[in-house]
Structures are given as C-alpha cells and as structure tokens.
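Data block below; observations after.
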Amino acid sequence: MAAKIIDGKALAAKLRSAMADEVKGLVARAVRPGLAVVLVGDDPASQIYVRNKTKALAEAGFACFDHHLPADTAEAKLLGLVAELNADRAVDGILVQLPLPKAIDSKRVLLSIDPAKDVDGFHPENLGRLLIGEPRFIACTPYGIMKLIEEAGTTVRGASAVVVGRSNIVGKPVAVLLTAADATVTVCHSKTKDLPAVIGAADILVAAIGRPEFIRGEWIKPGATVIDVGTNRLPSGKLAGDVEFAAAVLRAGAITPVPGGVGPMTITMLLANTLEAARRRAGGC
Ligand code: GUN
C-alpha cells in the first residue's frame, strides 16, 4: 500500500491560521509580534527565502522589519545594526539570512544576536539549552520536522530513528529532539559504513544530506515514517528531495513530499518562535 503523504503545506496553513488568531489578540493588547529580517547582498536563493518569510509574516499579522544591505557591507556596520535591533522593543525576533558574504564572519554575527531574540535557534546558548532539555527557541527546520512526525501519528517513544546528516542547524538538533522524545537515535554521515543496512532498521528516517534522491526506496524499512529535508534543484529546474520518492512511497508508512513537506513548516516555525518571543514581551518577561 502506498504511504500516507504528510502534507506540510496543509499543516502549515492550519498552524498559521491559529497563530494569526492569537496575533489579533496580542495586537488588541498593543503587542504586535515583530521580526527583523536582515539580508546582506543579492544572493537569488536568499532573496526568494526572505520574500517567502516576509509574505508569511504579513499574512499572519506580524510586523516585519526588512533590512536589505549591500553585498559590500562592512562587518562592523552589520554588527551595529544587530545591536540596534537587540535594543529595539518592537523587535521580538531577529533573523540574519545565511549565507552572509565571505568577508563577514557569520559566527561573530550570529553570536551578537540577543539569544532572547534568536528565533532561528542558531545561537550557541539556544543550541546548548536544547541539549540540556531546557529549550527556548528550537531551530525552525528541526522543530517543523517534529511537528510533521506528530502529524503522521508516528509513535516516537521507543522507535529507532535514523538521521542522515549532522549539520548544526538540522541533523544535530533533530537528533537531540528525537532523543528527548525517547527514540533511539543513530546519526549517519558520509563516513557511515553500510548506510542501507542502518537505514533499513529505521522506524523514523530523517534525510538531511542535500543530495538528490541519494536514499534509495528499497533501503527503507516497510512502514517507516520518512521525513525528507532535501530541496535539491535538478538541472531540469525541478525540485528533488534526498529520498527517491517514487520508490520510497511504495514502502514507507508515511512520507513527506518535496516540495510541500518540510519547506512550509520551516517558515511556520519561524512564526511560532517569533510569536513565543512576543508572548514573553506581553507577559513582561
Ligand atoms: N538560510 C537558509 N535557511 C535559513 C534559515 O532557516 N535561517 C537563516 N537565518 N538563514 C537561512
């Protein structure tokens, strides 16, 4: 039987609509949740991401403070802007779009963001809090992945989960979240021996490697829940995930499509984190 398709677009729409209602309530109390989005340079992919984020924010009633700086912006100037945004009471969250131009030290910039406004969840303090089980902001893609697994109705407790990819912003945090939810987690990467066998034992598979259709359908355990984080642009212009969808859908129990799976949830959880920051402001924290 073909897998259940986990519809990230529909789940995102449901969550965004609930958030829009809550935003109305906050606005009535003179607290409009606000996100500052900082884009440096003219990278076309980043421009598209930023446009999508801005649109989603506006649709849900958030304030969006757009800062578009030229590619040759000095690091000190960017750090100055972040310092201003850190101090601005109307700004609940700050997102500095990555990648930054090569001349700028991204780590220094990310470290300069007030952890209480780090709605990306990239600051080491927020990653550390996640690790010790006291999360504040969870990075948006891992947070969205957990919501998709929940939406699929998959039991995480006691499940064997395999995460392919060990980046700081997806693989590592999602492994921590799955562990906290009582899965037994294996993190795989380019040096992993016999990847098909490891994947074949996974009740839950999270693929975040950035290689189109690298994970073959026949490797997947029948009935598994498959979350495909890959958004790889093929020479044809089409998007492909990290999993060979056409074959995987015949074996998995539930699977996310690309596009329409993880992507819409990443932006949704950015709104969720910004809303959470605004709730704290409204509560006087
Ligand atoms: N570039 C691509 N994805 C992201 C993201 O989620 N956050 C930021 N800040 N930059 C990105």
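Results, tabulated for the structure shown:
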{"item": "Centroid-to-centroid separation of segment 69-144 and segment 167-230 [C-alpha atoms, Å]", "result": "27 Å"}
{"item": "For segment 34-74, the Rg and Dmax computed from alpha carbons only, in angstrom", "result": "10.8, 33"}
{"item": "For ILE5, ILE215, ILE132, order by how many other beta-carbon atoms lie within 10 Å, fewest first", "result": "ILE132, ILE5, ILE215"}
{"item": "Extension gain, ALA71 back to GLU150 (0.36 nm per residue minus Cα-Cα distance, nm)", "result": "24.4 nm"}
{"item": "Charge dipole (segment 130-285, unit charges on Cβ, about Cα centre) - positive-most of ALA175, ALA159, ILE204", "result": "ALA175"}
{"item": "Fewest-first ranking of MET146, MET269, using other Cβ atoms within 10 Å as the exposure measure", "result": "MET146, MET269"}
{"item": "Relative contact order %, the chain, counting alpha carbon pairs below 8 Å whose residues are six or more apart", "result": "23 percent"}
{"item": "Acute angle (nearest 10 degrees) that the helix 171-180 long axis makes with the longest principal axis of the chain, alpha-carbon atoms", "result": "80 degrees"}
{"item": "Too-long pairs where the Cα-Cα distance tops 26 Å, listed order kept, from LYS55/LYS147; LYS4/LYS117; LYS107/LYS147", "result": "LYS4/LYS117; LYS107/LYS147"}
{"item": "Residue order, fewest to most surrounding Cβ atoms within 10 angstrom, among THR184, THR154", "result": "THR184, THR154"}
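Here, each number is a calculation from the coordinates, and none is a lab measurement. What you are looking at is a predicted structure, and each value in this text was computed from that prediction instead of being measured. Neighbour counts run over all protein chains shown; Cβ positions are idealised from the backbone, glycine included.
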